[in-house]
Amino acid sequence: MKMIIPPREGRAVRVSKGQTIRITTLKGAQAADFFAFNAENLGEWLSANHTWVTTFNVKPREGDTFISRFRRPMVKFLHDGAGGVHDMMIAACDQFRYEHFGHKGPHASCSENLCVAMRREGYQIDVIPQPVNFFTNTTVETDGSFKSPPNPVKPGAFVELEALIDLICVVSSCPFDLKAEGWTINAGGGPTELEVAVT
Ligand SMILES: [Zn+2]
């Protein structure tokens, strides 16, 4: 199964145990917020915060296992075709974040994309988990300061993940498009599509 996630939108996809999901930024530099839920129990979701305690790194790296908030293995990071440019620190963007930067009126967000994608599957989500933000460039300096330099991810960069249990995964093409000082999340030309393939 292969699908295109349009710019600023999100989609849910079922990934059975043993299957792989490949996420590609076709035009490059497009942040892909990734969420995963246990298909048998939506109360168990992939937790970035719980994961980096076990991997000893705030970046997801090839070979890492992402765990759930119940600390069970959910997803294996099989292949990193994006040179390690990923983030597990930034909360999913939401309406409030855009208003914080001065945006007036409704704005698409990864939080909303997650809720809509799960509703299309028949589920109401009440909590927005900390996503894994693939193709998102952040750094933590030795003094603890946190930066988001311009996104260097090349067109065609991808990540490949293996489901360790039956999953519902949601991928969001982050709609961040504001000119916010210090936050260059996506490419300058605005959000672009993502390709998702499950095999
Ligand atoms: Zn976002």
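What residue, among those in segment 2-42 that are small (Gly, Ala, Ser) and farther than 13 Å from residue 74 by Cα, is surrounded by the fewest Cβ atoms within 10 Å (Cβ to Cβ)?
Only one residue tops the list, namely 28.
Which residues, counting only those in segment 84-98, are surrounded by 13 or more Cβ atoms within 10 Å (Cβ to Cβ) and assigned to a helix (DSSP H, G or I)?
Scanning segment 84-98 gives 95, 97, 98.
Restricting attention to segment 166-191, and to residues there that are among the hydrophobic types (A, V, I, L, M, F, W, C), away from the ligand (no atom under 13 Å from the Cβ) and modelled with pLDDT of 95 or more, which single residue is farthest from residue 91 (Cα to Cα)?
My answer is 167.
Every residue in segment 148-199 that is surrounded by 23 or more Cβ atoms within 10 Å (Cβ to Cβ) and acidic (Asp, Glu), please.
Result: no residue meets the conditions.
Which ones in segment 103-136 are within 14 Å of residue 33 (Cβ to Cβ), without any contact (Cβ under 8 Å) to a residue 60 or more places away in the chain and away from the ligand (no atom under 12 Å from the Cβ)?
115 - this is the single residue of segment 103-136 that is within 14 Å of residue 33 (Cβ to Cβ), without any contact (Cβ under 8 Å) to a residue 60 or more places away in the chain and away from the ligand (no atom under 12 Å from the Cβ).
Under 7 Å by Cβ, and 6 or more places apart or on different chains, what pairs join a residue from segment 160-178 that is on the phi < 0 side of the Ramachandran plot with one that is of a type in the set (Ser, Thr, Tyr) and at pLDDT below 95?
Filtered contacts from segment 160-178: 178/98.
Report, by residue number, each residue of segment 39-65 that is at positive phi and in contact (Cβ under 8 Å) with a residue 40 or more places away in the chain.
Within segment 39-65, no residue meets the criteria.
Quick one: which residue in 68, 145 is farther than 18 Å from residue 25 by Cα, without any contact (Cβ under 8 Å) to a residue 40 or more places away in the chain and surrounded by 21 or more Cβ atoms within 10 Å (Cβ to Cβ)?
Exactly one residue qualifies, and that residue is 68.
Quick one: count up the residues across segment 35-83 that are polar (S, T, N, Q), under 16 Å from the mean Cα position of the chain (by Cα) and part of a loop (DSSP other than H, G, I, E, B).
1
I'd like to know if segment 137-150 contains one or more residues that are within 16 Å of the ligand (Cβ to nearest atom) and out of contact with any strand residue (DSSP E or B) (no Cβ under 7 Å at 6 or more places or on another chain).
No - not one qualifying residue is present in segment 137-150.
The values are calculated or read from the model by the stated rules, or taken from the named source; none is laboratory data. Keep in mind the model is a prediction, meaning the values are calculated, not measured. For neighbour counting, all protein chains shown are included, and Cβ atoms are generated from backbone atoms with ideal geometry for every residue, glycine included.
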